[in-house]
Amino acid sequence: MPETAISGREIAAMPAPSASSSAHATIEWGGRTVRIEYAWLAPQRTHAPLMVFLHEGLGSLAMWKRFPRHLCDALGWRGLVYSRPGYGRSTPRAAEEAWGLDFMHRQAHDVLPALLRALDVDAQRSRPWLFGHSDGASIALLYAARFPEAVAGAVVLAPHIMVEDLSVASIAQARDAYLGTDLRQRLARYHDDPDSAFWGWNDIWLHPPFRRWSIREEIGTIACPLLAIQGLDDEYGTLEQIRGIAQVVPQTRLLELPACAHSPHRDQPEAVISAVREFVGIL
């Protein structure tokens, strides 16, 4: 789920995205050809581990800003950042297309593996790390559970493993902001089709049957090292999200950050980078 949706103030404070070195890969998904916006970070580090970044529910490649590069530089790793279908400069969601209750499963089980293949990343051989935020964190968990042989480890920020009243209330507020403020115009700086990004996400999260969505049981098969980070002031989920992960994935390391809301990599970037460096350094 996206923190950006709601935090129009955060978006307004961000500098406009600069021209990037992003490119597009083509995959077949959902019965059509889809173009995926992506960018490599430090590709010259050919023998270094690869970190794949998975954005939040209203995020995109550009909305990560400089954080992925800063983290990769701190680790000495390579990075891959991409915009999921419907976001950024990737193929927009068709106006009549409604996401299903399993939309995050489809991203984890279908889209990410297809993208890696399109980019000639042999995930079973290179075993990338995953770094996910919000919806992207949930997708990272689902990928790690389904493909344990194709991931070396994962870092998840403000993940969702179940739907809480707090989440739904904040997403409803995001809808009001989208309809009643200039949030749409601000999101248009980052998405070719802001309606594609916003309504695909907002409609499914506010769809009454989605209240029963939970991945708590299926992520119990995660075998890789896992670091779960959440802010104490997260406005989109309680600490039961990451504590619930630790209950079913016992090797999980938890970090609960004070003075931090739904975006630890924005609110506490130094703390996040330090925690990730320590985590990967002791494996």
- prompt: Tally time: how many residues in the range 256-282 are within 21 Å of Arg66 (Cα to Cα), out of contact with any Gly (no Cβ under 9 Å at 6 or more places or on another chain) and not small (Gly, Ala, Ser)?
  reply: 9
task: Tell me the helices (runs of 4 or more DSSP H) entirely within the range 224-283 that contain at least 3 residues that are farther than 15 Å from Ser138 by Cα.
output: 264-267, 269-281
- line: By residue number, the members of the range 172-192 that are outside any helix (DSSP H, G or I) and not aromatic (Phe, Trp, Tyr) are Thr181, Asp182, Ala188, Arg189, His191, Asp192
- prompt: Can you name the residue in the range 137-158 that is closer than 11 Å to Leu226 by Cβ and β-branched (Val, Ile, Thr) and is also nearest to the chain's Cα centre (by Cα) among such residues?
  reply: Val156
message: Yes or no: the range 15-36 includes at least one residue that is at pLDDT below 95, closer than 27 Å to Asp234 by Cα and among the aliphatic types (A, V, I, L, M).
response: yes
- prompt: List, please: which pairs have Cβ atoms under 7 Å, are six or more places apart or on different chains, and start with a residue in the range 249-271 that is under 28 Å from Glu217 (Cα atoms) and end with one that is of a type in the set (Asp, Glu) and at pLDDT below 95?
  reply: His262/Glu3; Ser263/Glu3
Neighbours by Cβ (under 9 Å, 6+ apart or cross-chain): first from the range 112-138, in contact (Cβ under 8 Å) with a residue 12 or more places away in the chain; second surrounded by fewer than 17 Cβ atoms within 10 Å (Cβ to Cβ) and of a type in the set (D, E, K, R): Ala114/Glu28; Leu116/Asp122; Ala123/Arg117; Ala123/Glu149; Gln124/Glu149; Arg127/Glu149
message: Being within 22 Å of Glu97 (Cβ to Cβ), of a type in the set (Phe, Trp, Tyr), outside any loop (DSSP other than H, G, I, E, B) and over 17 Å from the mean Cα position of the chain (by Cα) narrows it down to one residue among Phe198, Phe210; which is it?
response: Phe210
Contacts under 6 angstrom Cβ, first residue in the range 147-171 being without any contact (Cβ under 8 Å) to a residue 40 or more places away in the chain and assigned to a loop (DSSP other than H, G, I, E, B), partner crowded, with 24+ Cβ neighbours inside 10 Å and not aromatic (Phe, Trp, Tyr), 6 or more apart: none
- request: Using the structure shown, decide if Ala39 is assigned to a strand (DSSP E or B), among the small types (Gly, Ala, Ser) and surrounded by 15 or more Cβ atoms within 10 Å (Cβ to Cβ).
  value: yes
- request: Scan the range 226-283 residue by residue and report those that are farther than 16 Å from Ala154 by Cβ and of a type in the set (D, E, K, R).
  value: Asp233, Asp234, Glu235, Glu240, Arg243, Glu256, Arg266, Asp267, Glu270
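Please count how many residues of the range 73-85 are of a type in the set (Gly, Ala, Ser) and touching a Pro at 6+ places or on another chain (Cβ under 6 Å).
1
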Subset of the range 173-218 (residues that are within 14 Å of Arg89 (Cα to Cα) and among the small types (Gly, Ala, Ser)): Ala188, Ser196, Ala197
task: Out of the residues in the range 113-146 that are small (Gly, Ala, Ser) and not in a helix (DSSP H, G or I), state the one that is nearest to His160 (Cα to Cα).
output: Ser134
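The values are calculated or read from the model by the stated rules, or taken from the named source; none is laboratory data. As the structure is a prediction and not an experimental result, all values here were calculated from the model. Here the Cβ is made from the backbone with ideal geometry for all residues, glycine too, and neighbour counts use every protein chain on show.
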